[in-house]
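For reference, the structure discussed in these notes is given below.
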Amino acid sequence: MPYRSRHNVSPKKGEFDPRKFLVTVGAGKQVLSFAKKQTIFTQGDAADAVFYIQEGRTRLRVVSKSGKEATLGILNTGDFFGEGGLAGQPLRMGSATAMTPCKLLRIDNKSMMRALHNQNEFSDLFVNYLLARNIRYEEALVDQHFNSSERRLARLLLSLARFGNEGAPQTVLPEISQETLAEMVGTTRGRVNFFMIRFRELGFVEYGENGIQVHSSLLNVILHD
């Protein structure tokens, strides 16, 4: 998951606000609350709705037939997920879990399609969101093939802390295991542990009661060979 700029911040005066719009969608929507580590949906469930994160952080993962698990992404406030059903996907290809207490807007597929057809501004925003996410996935694939695991880990931490986004970064990451970081980076837990110790010794990260604190100095790892 590469370090990047995102648009999920509070809109400026006069700009289209998807949060205000989504609550006016009408029938077919629900505001749902999930506790930390609570399952939002499970792989194999019906892909019958789209979710929008109003507050919190969500983890997407997939499990293979052999039982191997992989983290597909960690999403933040302002992200959409679960939209596969809009393209005809009948079942969820992965699972979603709340990493922190979450407040989500659930919009059933029919209501979402109606909103996309009737509201040009919202349709443009949603398409731009999907295109931007596709670009991030392509960048992550390039990163996986051409950059070291140390640089990939640094990019992931900066991305999770939202450095490069508009607005202030969330420099303290909630609880996230080294196993999950290793899955997302594409390396072993031992390598992640080695690099995290190195980052801490260099003053790039700190460990505290609330999680991992990421400093902007970590940018040095990805800006320099």
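The values are calculated or read from the model by the stated rules, or taken from the named source; none is laboratory data. On a predicted model such as this, the values are computed, not experimentally measured, just so you know. Please note: Cβ atoms are built from the backbone with ideal geometry, for glycine as well, and neighbour counts cover all protein chains shown.
Quick notes on this structure:
- Tally, over the range 49-82, of residues that are under 15 Å from the mean Cα position of the chain (by Cα) and either within 16 Å of T39 (Cβ to Cβ) or assigned to a strand (DSSP E or B) (or both): 22
- P2 vs. criteria of a type outside the set (S, T, N, Q), under 18 Å from F126 (Cα atoms), part of a loop (DSSP other than H, G, I, E, B) and modelled with pLDDT under 90: no
- Per this entry, V31 is not counted among residues that are surrounded by fewer than 20 Cβ atoms within 10 Å (Cβ to Cβ) and either more than 19 Å from L105 (Cα to Cα) or modelled with pLDDT under 90 (or both).
- In the range 81-99, the qualifying residues are those that are surrounded by fewer than 17 Cβ atoms within 10 Å (Cβ to Cβ) and not aliphatic (A, V, I, L, M), and the one that is farthest from P18 (Cα to Cα) is P90.
- Annotation: Q178 fulfils all but one of (1) surrounded by 13 or more Cβ atoms within 10 Å (Cβ to Cβ); (2) modelled with pLDDT under 85; the unmet one is (2).
- Only residues that are farther than 25 Å from G186 by Cβ and touching a helix residue (DSSP H, G or I) at 6+ places or on another chain (Cβ under 7 Å) were counted across the range 44-79, and they come to 6.
- The residue that is nearest to F126 (Cα to Cα), among those in the range 52-86 that are among the β-branched types (V, I, T) and without any contact (Cβ under 8 Å) to a residue 40 or more places away in the chain, is V62.
- Residue check, L153 surrounded by 13 or more Cβ atoms within 10 Å (Cβ to Cβ), touching a Phe, Trp or Tyr at 6+ places or on another chain (Cβ under 7 Å), more than 30 Å from D17 (Cβ to Cβ) and not assigned by TED's automatic domain parsing to the domain that holds R59: yes
- Filter result (among the small types (G, A, S) and in contact (Cβ under 8 Å) with a residue 24 or more places away in the chain) within the range 87-122: G94, S95, A96, A98, S111, A115
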